[in-house]
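Student: Submitted below is the structure of interest, expressed as structure tokens.
Any read-out appearing in this document is the output of simple, stated calculations on the displayed coordinates, not a laboratory observation. Remember, predicted model here, so these are calculated numbers, not experimental data. All Cβ positions, glycine included, derive from the backbone under ideal geometry; neighbour counts span all protein chains shown.
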Amino acid sequence: MRPHEQSRDQSSSDREKPGWSLAAAKLISRAGRFALVGGIATAFQYGLLVAMIEVLGMFAVLASALSFCCSALANYLLNYYLTFQGGVRHRRALPRFALVAALGLVINTLCFSLVLAVAPYLLAQVVATLVTLVVNFLLHHFWIYREPEWNL
């Protein structure tokens, strides 16, 4: 076997080792769906934010908070049915989601308010969105929709 063929065979056998498990592949797939749903909900939030400020003349911080709440509902429904495929009952998931959404609202509003003091409102919203992203995924994955097989 030639050296370049050996390294190719080794790399394919590395992917088949127990370290690259089915659970990790499912987690990556779920994270991808979570990101897609988040992108849809974020686009919805930004559309509402711009409409509330530019069309309705609403105060920016209030518009950010209201658009966050509206997108949170869309986010819950899309994540429940698409990302986590309804594996947990609404009775359990919805109250947990509401707590996470409330925490996200606090983070979003605080970050937005702080950045708005020095930047345009859309940039402030981008910063606020990025700050909440990782926390939201971890709480969704390990608490709201937690299923035994996802406990890594």
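Student: Please report 90, 140 as a ranked list, fewest other C-beta atoms within 10 angstrom at the top and most at the bottom.
Tutor: Starting with the residue having the fewest Cβ neighbours, the order is 90, 140.
Student: Follow-up. Running Debye on segment 26-150 with equal point scatterers at the Cα sites and no solvent, what base-10 log of I(q)/I(0) appears at q = 0.15 Å⁻¹?
Tutor: Log-scaled intensity ratios, in q order: -0.66.
Student: Here is a follow-up. Roughly speaking, what is the stretch gain from residue 123 to residue 98, that is 0.36 nm per residue apart minus the C-alpha to C-alpha distance, in nm to one decimal? Before the final figure, lay out each step's value.
Tutor: Values: separation 25, 0.36 × 25 = 9.00 nm, distance 2.61 nm.
Between residue 123 and residue 98, full extension yields an extra 6.4 nm.
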